[in-house]
1. Where residues in the range 196-205 are surrounded by fewer than 18 Cβ atoms within 10 Å (Cβ to Cβ) and either within 24 Å of the chain's Cα centre (by Cα) or of a type outside the set (D, E, K, R) (or both), which of them is nearest to Cys52 (Cα to Cα)?
2. Among the residues that make up the range 8-15, is at least one of them within 15 Å of the chain's Cα centre (by Cα) and among the acidic types (Asp, Glu)?
3. Could you please find all residues in the range 9-37 being of a type outside the set (Ser, Thr, Tyr) and not in a loop (DSSP other than H, G, I, E, B)?
4. Could we say that Ser228 is assigned by TED's automatic domain parsing to the domain that holds Asp114 and either within 30 Å of Thr123 (Cβ to Cβ) or among the aromatic types (Phe, Trp, Tyr) (or both) here?
5. Of everything in the range 73-103 that's among the β-branched types (Val, Ile, Thr) and buried (at least 17 other Cβ atoms within 10 Å of the Cβ), which residue is nearest to Ala119 (Cα to Cα)?
6. Output the residues belonging to the range 99-124 that are part of a loop (DSSP other than H, G, I, E, B) and farther than 14 Å from Phe38 by Cα.
7. Over 23 Å from Lys54 (Cα atoms), among the acidic types (Asp, Glu) and either in contact with a His (Cβ under 6 Å, 6 or more places away or on another chain) or modelled with pLDDT of 95 or more (or both): does that describe Glu213?
8. Show the residue pairs that are 6+ apart or on different chains and have beta-carbon atoms under 9 Å apart, the first residue being within the range 131-142 and surrounded by 11 or more Cβ atoms within 10 Å (Cβ to Cβ), the second being of a type in the set (Asp, Glu) and in a strand (DSSP E or B).
Amino acid sequence: MRGLNQEASETAVQEYRIETEPFYLPIRDEIELFTIAFENKLPLMLKGPTGCGKTRFISFMAYKLGLPLITVACHEDLTSSDLVGRYLLDGGSTIWQDGPLTIAVRCGGVCYLDEIVEARKDTTVVIHPLTDDRRVLPIEKLGQIVEASDNFVLCVSYNPGYQTVLKDLKQSTKQRFISLDFDYPSASLEEEIIIHESGVGRKEAGDLRKVAEKFRAMKNSGLDEGASTRLLIYAGALIKNGVDPRRACESALIDPITDDTEIKKTLMEIVASII
């Protein structure tokens, strides 16, 4: 049974290889730390606000290390079977199909659990044996304990700004990872990213970055979250394609982050003062 599962997973994992190098500009020493973690078989947690480049960084590192990248978008209905695998009907019989986590464990690769805090707590415990010196994945339905490939990397992302009493990671989970803290890039880096990803000119990129700076200063003072680098790229793409810059900011920067009429008015005034 294990041989068949291994062969099926090796076939499936090829679909997750990244063929083209993703564009990524390092913020600090995250590339070096990720490389060291990989070489020493350490699990990683990426912490930071939404849209600041965590997922792009993971894609870049998977490409750089020549590893498949299997991403799981966590949600409250995610079960352990969704990660590990399940039996499926095949005609008159049943076959076992490895889940994304098991595929990465068996064959090597980066398994990236995006926004792990959204997953149910009884689901996240399945990763615990992979985050210590055992590096194994018990599959109870098969009666197997699968040892992780030397090229297996477990990564999770976590936005501390969204934590609540009901949605937060337990310390028993947090303390199984080394943590890479992410934040929005510096002004010069963010402008370069906007220019590269959206195609706008330097002046437009600089203006968008200034708008974002003002918006981010309002976090916890009317806004739950500031405008992300991702949204700045969206605004830049609209401007590049002929949309009026103020309308682009309204559609890509303001409407996605608030529904409050008065706050929208304030944000539009900020945009008008800069653009």
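1. Applying the first criterion (surrounded by fewer than 18 Cβ atoms within 10 Å (Cβ to Cβ)) to the range 196-205 yields 196, 199, 201-203.
Next, from what is left, pick out any that are either within 24 Å of the chain's Cα centre (by Cα) or of a type outside the set (D, E, K, R) (or both): 196, 199, 201.
Working: His196: 15, Gly199: 19, Gly201: 21 Å.
Filtering the range 196-205 for residues that are surrounded by fewer than 18 Cβ atoms within 10 Å (Cβ to Cβ) and either within 24 Å of the chain's Cα centre (by Cα) or of a type outside the set (D, E, K, R) (or both), the one nearest to Cys52 (Cα to Cα) comes out as His196.
2. Just the residues of the range 8-15 that are within 15 Å of the chain's Cα centre (by Cα), to begin with: none.
The answer is no; no qualifying residue exists.
3. At the first step, the residues of the range 9-37 found to be of a type outside the set (Ser, Thr, Tyr) are 10, 12-15, 17-19, 21-23, 25-34, 36-37.
Correct list: Glu10, Ala12, Val13, Gln14, Glu15, Glu30, Ile31, Glu32, Leu33, Phe34, Ile36, Ala37.
4. no
5. So in the range 73-103, the residues among the β-branched types (Val, Ile, Thr) come out as 79, 84, 94-95, 102-103.
Remaining after also requiring buried (at least 17 other Cβ atoms within 10 Å of the Cβ): 84, 102-103.
Numbers: Val84: 14, Thr102: 17, Ile103: 19 Å.
Once the filter is applied, the top-ranked residue is Val84.
6. Here is the first cut: in the range 99-124, the residues part of a loop (DSSP other than H, G, I, E, B) are 99, 108, 115, 119-120.
Answer for the range 99-124, where residues must be part of a loop (DSSP other than H, G, I, E, B) and farther than 14 Å from Phe38 by Cα: Gly99, Glu115, Ala119, Arg120.
7. Numbers: over 23 Å from Lys54 (Cα atoms): no; among the acidic types (Asp, Glu): yes; either in contact with a His (Cβ under 6 Å, 6 or more places away or on another chain) or modelled with pLDDT of 95 or more (or both): yes.
So Glu213 does not fit the description; no.
8. So the pair list comes out as Arg134/Glu147; Arg135/Glu147; Val136/Glu147; Leu137/Glu147; Ile139/Asp98.
The values are calculated or read from the model by the stated rules, or taken from the named source; none is laboratory data. Here the structure is a predicted model, which is why all the values come from computation and not from measurement. All Cβ positions, glycine included, derive from the backbone under ideal geometry; neighbour counts span all protein chains shown.
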